[in-house]
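No lab work stands behind these numbers, since they all come straight from the coordinates. No experiment lies behind these values; they were computed from the predicted model shown. Cβ sites come from the backbone with ideal geometry, for glycine too, and all protein chains shown count toward neighbours.
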Amino acid sequence: MSPFTFTEVQAVDKTHVFSGTWIIVYQARRVPPHLLMVCDGLCFSLNITGAIPADPLEKLLALIERKQIATAFVEIQLPQTTNSTGVGEALHRVLQNYPRVEANRYSCLHPIRDVLAEIFGVEFMGAKFIFEVFPMLQERGVLGRVEVMNMAEELREGHYAPPVYGAEEVAEETRRATALEQAKQGSGDLG
């Protein structure tokens, strides 16, 4: 599959990302990146420790700035019959279906994909990777602004192509992150 490319990439404007609905591609150059969804300044995600519903975006932005993490924010333009509050409620409900990211079972894309299927159509349930989701959203004409942080090269070139990867790379990253988390918990390290 050829990579999907966003054109007209801009530097993040914090006044934009605190309203509306966005998909965040965190560690945007890493294979695979981590995915979150933001609804009116609240982050929803699934990671190896479990579901994170309604975490303040301010917290994530501070981490991105402090650690200089390459991150892309992709705006989703909702139908008139849907609003960001409703999407946040759907994400909160859907996240209850997933205990955590698990290798070869659940990824951070699953809750996002499920909610997109509720809004835009059941065919989103077949998507296994974010680079499959973006063309589907583009076909519906619902991709809005794409804003980036810590991605000078992409800003200079004016485009961003999310990395392309396979199921084994997702599983391997999940196993690696799970092992690190278990080692961290075993050592008593709380920070």
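See the values below:
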| item | result |
| --- | --- |
| Percent antiparallel among DSSP beta bridges (both partners in segment 6-186, rounded to 5) | 95 percent |
| Prolate/oblate/rounded label for segment 113-185 (Cα gyration tensor, a/c 1.5) | oblate |
| Förster-model FRET efficiency, 30 Å R0, Q96 and D40, C-beta, rounded to 0.05 | 0.90 |
| Proxy reagent accessibility, fewest Cβ within 10 Å first, across C39, C108 | C108, C39 |
| Stretch gain in nm, segment E157-N83, where the contour uses 0.36 nm per residue and the Cα spacing is subtracted | 23.4 nm |
| Anisotropy class of the chain from Cα gyration tensor, a/c 1.5 cut | rounded |
| Among R29, R66, R93, residue whose mean-square fluctuation peaks in a GNM of the chain (springs only between Cα atoms under 10 Å) | R66 |
| Listed residues E153, E89, E123, most fluctuating in the chain (Gaussian network, C-alpha, under 10 Å) | E153 |
| A183-T7 FRET efficiency (beta carbon distance; Förster radius 35 Å; 0.05 resolution) | 0.25 |
